[in-house]
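First up is the structure itself, then whatever we jot down about it.
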Protein chains: 2
Amino acid sequence: MPTRLSNYFLRTLREDPSDAEVTSHRLLVRAGYIRRQAPGIFAWLPLGLRVKAKVEKIIREEMTAAGAYEVHFPALLPREPYELTGRWNEYGDGLFRLQDRKGSDMLLAPTHEEVFTLLVKDLYSSYKDLPLSIYQIQDKYRDEARSRGGLLRGREFTMKDAYSFDYTDAGLDASYQAQRDAYERIFTRFGLEYAIVQADAGAMGGSKSEEFLHPTMVGEDTFVRSAGGYTANVEAFRTIAPPATDWTALPAAAVFDTPDTPTIQTLVDKANAEQPRPDGREWTAADTLKNVVLALIQPDGTREIIAIGVPGDRDVDLKRVEVAFGPAEVEAANEGDFAKKPGLVKGYIGPWSAAGAVLGEKSTTGIRFFVDPRVVAGTEWITGANEAGRHAFGLVAGRDFSVDSIVEASDVRAGDPAPDGSGPVELIRGMEIGHVFQLGRKYAEILGLKVLDENGKLVTVTMGSYGIGVTRILAVIAELNNDAKGLIWPEAVAPFDVHVIATGRDEIVFETSELVVTALEASNREVLYDDRRKVSPGVKFGDAELIGVPWIVIVGRGAADGIVELWNRSTGEREQVTVADVAAHFA
Amino acid sequence: MPTRLSNYFLRTLREDPSDAEVTSHRLLVRAGYIRRQAPGIFAWLPLGLRVKAKVEKIIREEMTAAGAYEVHFPALLPREPYELTGRWNEYGDGLFRLQDRKGSDMLLAPTHEEVFTLLVKDLYSSYKDLPLSIYQIQDKYRDEARSRGGLLRGREFTMKDAYSFDYTDAGLDASYQAQRDAYERIFTRFGLEYAIVQADAGAMGGSKSEEFLHPTMVGEDTFVRSAGGYTANVEAFRTIAPPATDWTALPAAAVFDTPDTPTIQTLVDKANAEQPRPDGREWTAADTLKNVVLALIQPDGTREIIAIGVPGDRDVDLKRVEVAFGPAEVEAANEGDFAKKPGLVKGYIGPWSAAGAVLGEKSTTGIRFFVDPRVVAGTEWITGANEAGRHAFGLVAGRDFSVDSIVEASDVRAGDPAPDGSGPVELIRGMEIGHVFQLGRKYAEILGLKVLDENGKLVTVTMGSYGIGVTRILAVIAELNNDAKGLIWPEAVAPFDVHVIATGRDEIVFETSELVVTALEASNREVLYDDRRKVSPGVKFGDAELIGVPWIVIVGRGAADGIVELWNRSTGEREQVTVADVAAHFA
């Protein structure tokens, strides 16, 4: 039976929703696929549910091909497993927490590593049981601070999450590769361009991680790509550090009054005048050391003030810093933080703690000091002297100051050299559409998932975790496939195969339409039939363009002669075909 | 491709789970269909997910046949709509409530009347849009005080909930009937016996309601049925009240000291001795008026003490009282309640407030007094005198005391007359498997869902609400279809059509098994293939019996001669068939 628009639960809207920031959100609401219920939380209308089912079907097929079995976990889970792994706290405000009537803490799961691990522990005990890959397609919850872009980042969203279990590293590699290959097949079937980029695995506690990023201006991620094939998320990008150099020939550092240096350039100019380098090379902004004061906020609320020194021609990238200090969140230090650390002289903050440093005791602030990888031993710097109105020129790393650690804190810029020597990188905006992780043994160790190996020895299982955002992918497909008139679904996920429109008032039009519909359904096509009697052809065409079924059959004046029009929504081409031939076009 | 047990994610258990109270729970866990995650919260393993998908498919087919369209709402919803209808409070502890990071109140929806109403309000405006029936199959949440019976009463469970929208009462009747008919078809397809019983519609604020109850000893409901065809949930049962009678000829009531009447019978004996009836009929226990003190707890926590008088040969049925006073909860008054009402003399509580009553001012307690429908004007009663050690004999309803209202408070007993005159009823235990409600205009009025009618006048929409517990039905099917060895699935919902078992070590067995599997799959049968090499035939047979696929093919010694055994799990019959013929048995 065709779906008849005369009684289908569908209303297209003339106006864009006022809260829509991106095209997919705007069109999916206007065309009657979804409706907002709360920020980042949507209801699925019949059209949307059909597309979602097709997206899920393709993912299921490829999971089955990858040897994974489907299970389904509850969204509402007890606190304990997440407490054991620390994620109950690490998720911070992003986790929806609640208590049941007995006062037991529960959560709405943002991801399910813990309970998958426990399930396998519950049922498996031998290496013979492995490898195992299991997955679910399930609604997840994350209390995003700012849910934006409709389905692109919801607070309730559907995800395919798979988990692999092996007892050898080689086994994990193979399971990881099988999921990675499945992801490539899935995104290809959806017609989605993607880059596989190195990602930081830290947050999940794992050892290896890659993201599938779809290049798009609405993306929230940025990745780098070199001509030579290096790709990485900017959070995972590694800076090439220069080699350490011998400092014995370098002159001593000196501290100068620098009253009239409001900008880095004026400071550099003063350094070139007052303390020219012995090798004649001029000081530049890249030789200044900008010390930025930040606050690390641990999941338990502990607040630690730190300073990070980066070259003056760079900015600190807070997201990169967060990767380094995860699970802590990072923010700029506020007035209260400075008030507690009087040793920090705003505008003149310098490094400290090297014995015999030119900066002396003024540098004792009692906070940890980190630097960019470019600050290697033997490099010379212009930087604050920890006194108002004074800077140090020619301060040498390793000689005049030491650091607590190196962190990847500077922003990544187009033209930066790829760490593998494959040339300069470009920066590309992208949306994460898939993520594969080698978790390793972290979860299995904490939760006690061990099996007996061939020698009867208990070994800890090694795991992988693999996620695809089902609802996000649907939105990305919509984002990519549309024009000014509306959506243009690829055939693989279109809500219907053919949209048949009866135009005009003659009974022959409706009779012919029924014939066309019957013929199409006999060829196993899913048909949306616009059989509305009191709606103008213009409105019907507009609805068809907005809804975006890839093929439209217009039954109108030609019906009396057995002719209908076949309209390709994507190319806009129209072709006259006979009623007898119409089904054959889709065979 | 067949599912091969050698690598399927399935482990059957030898031991019953310790927390299983009912057969379905015990077998579904042991056979590897579900695993408990928290009280009343389960994960679905691959076998269970397959059965659930088949249950859902049948429900979807019948919803489509009933003209309903599928949508899908989030589980996590904002408080406001539920606040407007009062259900945010009425659900009491049964509602999972939480706050998001901004402090907004949210809930995990126990049912979705509010948001369906708002969705239709959002999109529809004319009578021409109606009728409309929409449904979802979705995970719901209720924080049951005692989740029991595995899937029979979970805290997270899957439900099919449908809602109909009409603008005339006749339209609602038709929509209601269409869903009711669909439910009959659904339960018939599942092979589930059911009784359609009148239910109380009060809790949902509606006008008409019927429950589909499956007769089973594990049921939590009790319903009545008369030989003449009357059926009702005991909560909805209506007592036949005797006609009111003239009291002018009755003697005056009198108060007696009743020191030695510890039981109703001794009290009745004393009445027959002290105050014999003028008509010679003896007093019986049914002539005593037992006044029970209860506390009504409103959703806002308000506690009200009331008294209810029922004939002394009956007990108060708290569930029936709750229906009368919903959404208040009802419990027996405690010592604290009695302490606040010194007029209530325990063991001697009588009615009060009739002008000139024999009980006089001693009866002034200031609480509301209700009675069973049998306490009509002109009936005579033996009851407490509101003084320790004293009872009133021959107190006449209407003459000596009045009441605030009649309530259906007494328990229903086998042999009670059906209210429609169709004879005495029997009492049957049942499990609710479906519920259809005529909500009427309550939700539409509160939430402002109106449409323009044929005359351009705004009219309030009238609604129905129709629910089937998907996961509960799966459990009821399992409850009904099993034996001492395990589950025996009906073909309509079995996880697989055929379970092929290779027994023995000869290669011919495995080669023949592959042939059988291929032939079965070519006939579109879903096959579970036990290809395990190091497992004994006994274990394989035991697993097959536990898992409960309806047909089992045993490939063993006969394989060399091209013979296999076809085993009917339900009847236990085994039949030898040739490999060439085996697929034909399922054609």
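The numbers here are math on the coordinates, done by the rules we state, and not lab data. Fair warning: this is a prediction, and the values are worked out from it, not measured in the lab. Neighbour counts are summed over all protein chains in view; Cβ atoms, including those assigned to glycine, are modelled from backbone coordinates with ideal geometry.
To the nearest 20 debye, what charge dipole does chain B have about its Cα centre, counting +1 at the Cβ of each Lys and Arg and -1 at the Cβ of each Asp and Glu? Could the numbers behind the result be given before it?
Details: 65 positive and 87 negative charges, 250 e Å.
With only Lys, Arg, Asp and Glu charged at Cβ, the dipole is about 1200 debye.
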Starting from the Cα of B:Lys340, draw a straight line to each of the lysines and keep only those under 23 Å, dropping any in the same chain fewer than 8 residues away. B:Lys290, B:Lys362
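For peptide A:94-106, what's the mean number of Cβ atoms from other chains within 10 Å of each residue's Cβ? Mind dumping the intermediate values first?
Working: counts 1, 1, 7, 2, 9, 4, 10, 9, 4, 0, 2, 0, 7.
Mean shielding count: 4.
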Inter-copy separations for A:Ile58, label at 7 Å along Cα-Cβ, nm, ascending: 3.3
List B:Leu546, B:Leu474, B:Leu5 from most exposed to least, where exposure is judged by having the fewest other Cβ atoms within 10 Å. B:Leu546, B:Leu5, B:Leu474
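Within 10 Å of each residue's Cβ, count the other Cβ atoms and sort A:Asp166, B:Asp16 from fewest upward.
Values: A:Asp166 22, B:Asp16 13.
Lowest to highest Cβ neighbour count: B:Asp16, A:Asp166.
Let me know the mean shielding of B:39-46 by other chains, meaning the per-residue number of their Cβ atoms within 10 Å of its Cβ. Kindly include the intermediate steps, with their values, before the conclusion.
Numbers: counts 4, 3, 8, 3, 12, 6, 7, 5.
If you average over the peptide's residues, the count of other-chain Cβ atoms is 6.
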Calculated FRET value between B:Leu427 and B:Thr284, using beta carbons and R₀ = 22 Å, to 0.05: 0.45
Taking the alpha-carbon distance from A:Lys160 and a cut-off under 16 Å, which lysines remain once sequence neighbours fewer than 8 residues away in the same chain are dropped? A:Lys52, A:Lys54, A:Lys57, A:Lys140
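May I ask which of A:Lys128/A:Lys457; A:Lys319/A:Lys341; A:Lys121/A:Lys457; A:Lys540/B:Lys457 have a Cα-Cα span longer than 18 Å here? Please report the intermediate quantities before stating the final value.
On the way: A:Lys128/A:Lys457 13 Å; A:Lys319/A:Lys341 25 Å; A:Lys121/A:Lys457 16 Å; A:Lys540/B:Lys457 28 Å.
Listed pairs above 18 Å: A:Lys319/A:Lys341; A:Lys540/B:Lys457.
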By how many degrees, 0 to 90 and rounded to 10, does the Cα axis of helix B:470-480 deviate from the longest principal axis of chain B? 80
May I ask you to report, in nm to one decimal and beginning with the shortest, the distances from A:Gly415 to the same position in the other copies, taking label points 7 Å along Cα-to-Cβ? 10.0
Could you tell me how many degrees, from 0 to 90 and to the nearest 10, lie between the Cα long axis of helix B:537-547 and the main elongation axis, the longest principal axis, of the Cα atoms of chain B? 40
For a label point 7 angstrom out from the Cα of A:Asp581 toward its Cβ, which stretches of region A:524-564 have the backbone nitrogen within less than 12 Å? A:563-564
Chain A, helix-only ellipticity at 222 nm - DSSP H runs n ≥ 4, -39,500 (n - 2.57), divided by all residues, nearest 500: -7000 deg cm²/dmol
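Give me B:Arg281, B:Arg155, B:Arg146 ranked fewest to most by other Cβ atoms within 10 Å of their Cβ, as a rough exposure proxy.
On the way: B:Arg281 11, B:Arg155 23, B:Arg146 8.
In order of increasing Cβ crowding within 10 Å: B:Arg146, B:Arg281, B:Arg155.
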Assume the label is 7 Å from Cα along Cα to beta carbon: what separations in nm does A:Ala227 have to the matching positions in the other copies? 9.9
Over the Cα atoms of chain A, how large are the radius of gyration and the largest Cα-Cα distance (Dmax), in Å? 30.3, 100
The chain A residue whose Cβ lies closest to the rotation axis carrying chain A onto chain B, with that distance rounded to whole Å, is A:Leu98, 2
How far is it, in nm, from the label point at A:Lys534 to the one at B:Asp169 when both lie 7 Å from their Cα along the line to the Cβ? 2.7
Could you tell me how far the Cα centroid of region A:1-23 sits from the Cα centroid of region A:518-576, in Å? 17
